[in-house]
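Worksheet: the structure to be examined is printed underneath.
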Amino acid sequence: MTEQLTPFSSFDVERLESLLSRSDLNAGEGHVTELAARLYARDQAEPASIPPDVVTMNSEVMVKELSTGKGFSCTLVFPRNADSGRRRISVLAPLGAALLGARVGSTVEVRTPAGSRRYRVTELLFQPEAAGRFDL
């Protein structure tokens, strides 16, 4: 499925631009470079106007790996809050970078050293913007 180009939250873009501009960040990683390109190519919108089916920072999302049919939930977070044991996935990890901006029903592809994997976003359990949580 082709990615639908919904705007990013201006609040997320501001924080991610700051993160991506850090000199110690390995921007040479393909998924990080792709994330930066997507951030700069898309429009921005006020957080309150982001559609409720779009994955934003601090969203909790249900995804299904298409090759196995296995589903799981995860929360998209900034690197300092990542915790694999609690399924808190960094936006700079391959899956996290692919999920940002995805819509419920869309499929994202993640390249890993073991090969490419495809995931479908099946449900958005929590989105800060839809919940009126503009502080997250």
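The values are calculated or read from the model by the stated rules, or taken from the named source; none is laboratory data. Bear in mind the structure is a predicted one, so any value in this text is a computation, not a measurement. Here the Cβ is made from the backbone with ideal geometry for all residues, glycine too, and neighbour counts use every protein chain on show.
Quick one: which residue in 48, 41, 131 is hydrophobic (A, V, I, L, M, F, W, C), touching an Asp or Glu at 6+ places or on another chain (Cβ under 7 Å) and under 23 Å from residue 7 (Cβ atoms)?
Selected residue: 48, the only one of 48, 41, 131 that is hydrophobic (A, V, I, L, M, F, W, C), touching an Asp or Glu at 6+ places or on another chain (Cβ under 7 Å) and under 23 Å from residue 7 (Cβ atoms).
So if I check each of 51, 79, 94, which one is at pLDDT below 95 and either touching a helix residue (DSSP H, G or I) at 6+ places or on another chain (Cβ under 6 Å) or aromatic (Phe, Trp, Tyr) (or both)?
None of the others qualify; the one that does is 94.
Can you pull out every residue in region 46-67 that is within 23 Å of residue 117 (Cα to Cα) and either assigned to a strand (DSSP E or B) or polar (S, T, N, Q) (or both)?
Residues satisfying the conditions are 54, 56, 58, 59, 60, 61, 62, 63, 64, 65, 67.
For region 30-45, enumerate the residues that are surrounded by 12 or more Cβ atoms within 10 Å (Cβ to Cβ) and part of a helix (DSSP H, G or I).
Residues satisfying the conditions are 31, 32, 33, 34, 35, 36, 38, 39.
Select from region 107-122 the residues that are polar (S, T, N, Q) and at pLDDT below 95 and write down the one among them that is nearest to residue 19 (Cα to Cα).
112
What do you reckon, is residue 90 in contact with a Phe, Trp or Tyr (Cβ under 9 Å, 6 or more places away or on another chain) and free of Cβ contacts under 8 Å to residues at least 40 places away in the same chain?
yes
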